[in-house]
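The values are calculated or read from the model by the stated rules, or taken from the named source; none is laboratory data. Since this is a predicted model, take the numbers as computed values, not measurements. Don't worry about glycine lacking a Cβ; one is built from the backbone with ideal geometry, like all the others, and counts go over all protein chains shown.
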Amino acid sequence: MADVALRDVVKRFDNVEAVRQISLDIPDKEFVVLVGPSGCGKSTTLRMIAGLEEATAGDILIDGEKVNDVPPKDRDIAMVFQNYALYPHMTVFENMSFGLRLRRFPKDQIRERVEHAARILDITELLDRRPKQLSGGQRQRVAMGRAIVRNPKVFLFDEPLSNLDAKLRVQMRTEIKRVHQKVRTTTVYVTHDQVEAMTLADRVVVMNGGRIEQIGTPQELYHHPKTRFVAGFIGSPAMNFVPSRLEANGSGLSLRVSDKLTLPVPAARAERYRPHVGKDLTFGLRPEHITEPRGEGREPRCEFTVNLDVVEPMGMETMVFFTIGNTEICSRVEPSAASGPGQPMRLYANLNHMHLIDPANDQVL
Amino acid sequence: MTTVSTAAITRAPARRARGRSMHRDRVWALRWSYFFLVLFAIFFLLPPVYMLITSLKTSAEISAATNPWWVYRPTLANYVELLSSRQYLTFFRNSAIVSVFTVTITMLISVPAAFALSRMRFWGSATLAMGVFLTYLIPETLLFLPLFKMFAVFSDFTGIEIINHWWALLIVYPTLTVPFCTWVMIGYFASIPRELDEAAVIDGANYRQVLLRIFIPVALPGLIAATIFAFTVSWAQFLYPLALTTSTDQLVLPVGIITTLIRGDVFNWGQIMTGALLGAAPPLIIYAFLMDYYIAGLTAGATKG
């Protein structure tokens, strides 16, 4: 049980700066997910916490103690790898107990700990098998078991679910969350999958190009993204971005989205956006906020009619695609409300959830 | 139901025709395979068979103008004579000691070397790994004179006589075996995913423990392949012992057979063949026992384990 902190950490490989001065505080017992596209530095950051990579600059602290020069084995951390990294010549029991045996724990204590972890993960009957005889999901459980028995200060997960098929991935996701709720160990989890990040994390750290874009709870990131990258990365299907112009319209503001379509900005947001009147901005709105007209207190001027290009029924909802100007827009509608491709459909944009992004610096206003 | 059965009926002949042609291809491929297998088996087995036949003959029968592929009066006299000869047993013992020690020395050097070169990224490690392999490419025919000279100079300076001692071979043989075994083990270690040693390091293992408890067990097939190689090379080595040892009590088997069983222009063929046949037995036995591992080692990385 410990907190983890990064202070202005930099990692350079030859001439490439993989991690650029990131700072991060992870309190005790928290589940933090580092998420971002491949090459964003998330894995490198995790490996620096583990001690598998040396930080070029900056400090890494575990439990308030600087660990930059502490070897991995003395950092009291445990790590789960994407390809499980189980020792192929050892049984599950030997795999899980390897760390304890190296640390010369008494035998009965080793057995007790392994059996306890095996019960948590429901792999008691697999203890005598070898990794080869296990399925992907079982191997992943053993890898987690190997981490749990050590009872470390920090758990590190490096894309642990990427090698599993879709169904098992969802199952193991729940499993990981359940285990964390049981053992309450500080956890740093790396993934490129934003759904995994949102479902697992107490707090999500969105990384891009070696920098931290935003840190926040899943809800914060979803509702209040700070940058265009976060707005586009979090949420599936991704947020729609349309170039538009902010115009003064009597006492209120309106957004010119295309020659034919101008949408009124809600009064609650007018004050915030007023300094940007006359500018070309990127208008962001999630597909779930463009629907068939529904709900009470709708602003009638936010309704518009489009011709649908593509219709994708998903069962509980239907995705419809159309273009405004030159931009393809996705919207999530009730399956019963969707018309067919090539046909007109009446849609409603709920601007209470809108975002305006300054294209000059990609910051959300 | 009816549609299914008609479909099955109409499709069936087509499938059978294709099946037959596949079958015919396979039959011909197998015939050719067996033809060449038999051809090469005969080609490679004739010499040992001839050795066996000759070893069972008396000197008189060998020089007689009879069918050389048949033994008319089989005798074990050659075997009895050799196995009761103190000299031959000395050669055998020297060979065994030299080979076992060479294998041990080779493994003690090349396994840690391969581990260091493949995993402990240090300045110049890639160049060094390449250099290790390049030394293997220099033939021993080029080296035995310089080595001889080096030993001679060494004893001039120190008074320690290296030449004409069987243990001189323990210095020389590893120059042949270590580079190759190191290279094989580098390749084998490289096929072990890096996460495996990282997991071990996080579990609390130091380099020594990673090598002993993870790498060596995981790379066992490769290790055994390298061991067999080192053993075969040192058991069959001829040029170095011929150059470096002369006293009969210091000779190893291949040199011993040649120097003691050929006197002037008299070739004692029966005993030469017997000695060679007996000398070939130990590697054969080792191969037979470790064959599965050897093949696994040679085909390492072919499939995902």
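Would you be able to say whether some residue in the stretch B:188-200 is β-branched (Val, Ile, Thr) and in contact (Cβ under 8 Å) with a residue 60 or more places away in the chain? Reasoning before the result, please.
Residues of the stretch B:188-200 that are β-branched (Val, Ile, Thr), as a first pass: B:192.
When the remaining residues are screened for being in contact (Cβ under 8 Å) with a residue 60 or more places away in the chain, the result is none.
Scanning the stretch B:188-200, I find no residue that is β-branched (Val, Ile, Thr) and in contact (Cβ under 8 Å) with a residue 60 or more places away in the chain, so the answer is no.
Listed here are the residues, each with its yes/no results for (1) outside any helix (DSSP H, G or I); (2) touching a helix residue (DSSP H, G or I) at 6+ places or on another chain (Cβ under 9 Å); (3) crowded, with 16+ Cβ neighbours inside 10 Å; (4) more than 14 Å from chain B (Cβ to nearest Cβ).
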position: A:100; (1), (2), (3), (4): no, yes, yes, no
position: A:104; (1), (2), (3), (4): yes, no, no, no
position: A:110; (1), (2), (3), (4): no, yes, yes, no
position: A:116; (1), (2), (3), (4): no, yes, no, yes
position: A:119; (1), (2), (3), (4): no, no, no, yes
position: A:128; (1), (2), (3), (4): yes, yes, no, yes
position: A:132; (1), (2), (3), (4): no, no, no, no
position: A:147; (1), (2), (3), (4): no, yes, yes, no
position: A:164; (1), (2), (3), (4): yes, yes, yes, yes
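Which condition does residue A:142 not pass, out of (1) away from chain B (no Cβ under 14 Å); (2) touching a residue at least 12 places away in the same chain (Cβ under 8 Å); (3) among the β-branched types (Val, Ile, Thr), if it passes all the others?
Every listed condition holds for residue A:142 apart from (1).
Tell me yes or no: at least one residue of the stretch A:286-296 is at pLDDT below 85 and either assigned by TED's automatic domain parsing to the domain that holds residue A:222 or more than 31 Å from the chain's Cα centre (by Cα) (or both). Give the derivation first.
At the first step, the residues of the stretch A:286-296 found to be at pLDDT below 85 are A:294-296.
This time we only want the ones that are either assigned by TED's automatic domain parsing to the domain that holds residue A:222 or more than 31 Å from the chain's Cα centre (by Cα) (or both), so: A:296.
Yes, the stretch A:286-296 contains a residue that is at pLDDT below 85 and either assigned by TED's automatic domain parsing to the domain that holds residue A:222 or more than 31 Å from the chain's Cα centre (by Cα) (or both).
Taking the stretch A:45-82 on its own, how many of its residues are part of a loop (DSSP other than H, G, I, E, B), touching a residue at least 24 places away in the same chain (Cβ under 8 Å) and more than 13 Å from chain B (Cβ to nearest Cβ)?
Here the count works out to 4.
Filter the stretch A:155-211 down to the residues that are touching a residue at least 60 places away in the same chain (Cβ under 8 Å), among the aliphatic types (A, V, I, L, M) and touching a Lys or Arg at 6+ places or on another chain (Cβ under 7 Å), then identify the one that is nearest to residue A:18 (Cα to Cα).
A:207
If only one of B:171, B:160 is free of Cβ contacts under 8 Å to residues at least 40 places away in the same chain, within 26 Å of the chain's Cα centre (by Cα) and away from chain A (no Cβ under 11 Å), which one is it? Give the steps one after another, and end with the answer.
Details: B:160 fails: within 26 Å of the chain's Cα centre (by Cα).
Exactly one of B:171, B:160 is free of Cβ contacts under 8 Å to residues at least 40 places away in the same chain, within 26 Å of the chain's Cα centre (by Cα) and away from chain A (no Cβ under 11 Å), namely B:171.
Suppose we keep only residues that are within 12 Å of chain A (Cβ to nearest Cβ) and either closer than 20 Å to residue B:290 by Cα or surrounded by fewer than 17 Cβ atoms within 10 Å (Cβ to Cβ) (or both) within the stretch B:210-239. Which one would you say is farthest from the chain's Cα centre (by Cα)? First the steps, then the outcome.
At the first step, the residues of the stretch B:210-239 found to be within 12 Å of chain A (Cβ to nearest Cβ) are B:210, B:212-221.
Checking the rest, the ones that are also either closer than 20 Å to residue B:290 by Cα or surrounded by fewer than 17 Cβ atoms within 10 Å (Cβ to Cβ) (or both) come to B:212, B:215-221.
Details: B:212: 25, B:215: 23, B:216: 20, B:217: 21, B:218: 22, B:219: 18, B:220: 17, B:221: 14 Å.
The qualifying residue farthest from the chain's Cα centre (by Cα) is B:212.
Is at least one residue of the stretch A:210-224 part of a strand (DSSP E or B), touching a Phe, Trp or Tyr at 6+ places or on another chain (Cβ under 8 Å), not assigned by TED's automatic domain parsing to the domain that holds residue A:29 and not hydrophobic (A, V, I, L, M, F, W, C)? Walk me through it before giving the result.
Let us first name the residues in the stretch A:210-224 that are part of a strand (DSSP E or B), namely A:211-216.
Imposing the further condition that a residue be touching a Phe, Trp or Tyr at 6+ places or on another chain (Cβ under 8 Å) reduces the set to A:213.
From what's left, not assigned by TED's automatic domain parsing to the domain that holds residue A:29: none.
Taking every residue of the stretch A:210-224 in turn, none turns out to be part of a strand (DSSP E or B), touching a Phe, Trp or Tyr at 6+ places or on another chain (Cβ under 8 Å), not assigned by TED's automatic domain parsing to the domain that holds residue A:29 and not hydrophobic (A, V, I, L, M, F, W, C).
Could you grab the pairs with beta carbons closer than 6 Å, sequence gap of 6+ or different chains, first residue in the stretch B:123-135 and touching a residue at least 24 places away in the same chain (Cβ under 8 Å), second one part of a helix (DSSP H, G or I) and among the hydrophobic types (A, V, I, L, M, F, W, C)?
Every condition considered, the pairs that remain are B:129/B:117; B:129/B:186; B:133/B:183.
Please work out which residue is surrounded by the most Cβ atoms within 10 Å (Cβ to Cβ), limiting yourself to the stretch B:190-209 and to residues that are at the interface with chain A (Cβ under 7 Å from one of its Cβ atoms) and among the charged types (D, E, K, R).
Going through the qualifying residues, I end up with B:203.
Can you name every residue in the stretch A:248-271 that is among the charged types (D, E, K, R) and modelled with pLDDT of 85 or more? Step through it out loud before you land on a result.
Our first condition is that a residue be among the charged types (D, E, K, R); within the stretch A:248-271, this holds for A:256, A:259-260, A:269, A:271.
Listed by number, the list holds a single entry, A:256.
So which residues in the stretch A:53-64 are more than 14 Å from residue A:22 (Cβ to Cβ) and surrounded by 21 or more Cβ atoms within 10 Å (Cβ to Cβ)?
We begin by selecting, within the stretch A:53-64, every residue more than 14 Å from residue A:22 (Cβ to Cβ); these are A:54, A:62-64.
The answer is A:62, and nothing else.
If I filter the stretch A:27-41 for residues that are crowded, with 20+ Cβ neighbours inside 10 Å, on the phi < 0 side of the Ramachandran plot, over 27 Å from the mean Cα position of the chain (by Cα) and more than 9 Å from chain B (Cβ to nearest Cβ), do I get at least one hit?
The answer is no; no qualifying residue exists.
If you scan the stretch A:2-44, which residues turn out to be under 19 Å from residue A:216 (Cα atoms) and part of a loop (DSSP other than H, G, I, E, B)?
Within the stretch A:2-44, A:3, A:27, A:28, A:29, A:30, A:36, A:37, A:40, A:41 qualify.
Which of the residues spanning the stretch A:317-333 are at pLDDT below 90 and in a loop (DSSP other than H, G, I, E, B)?
A:325, A:326
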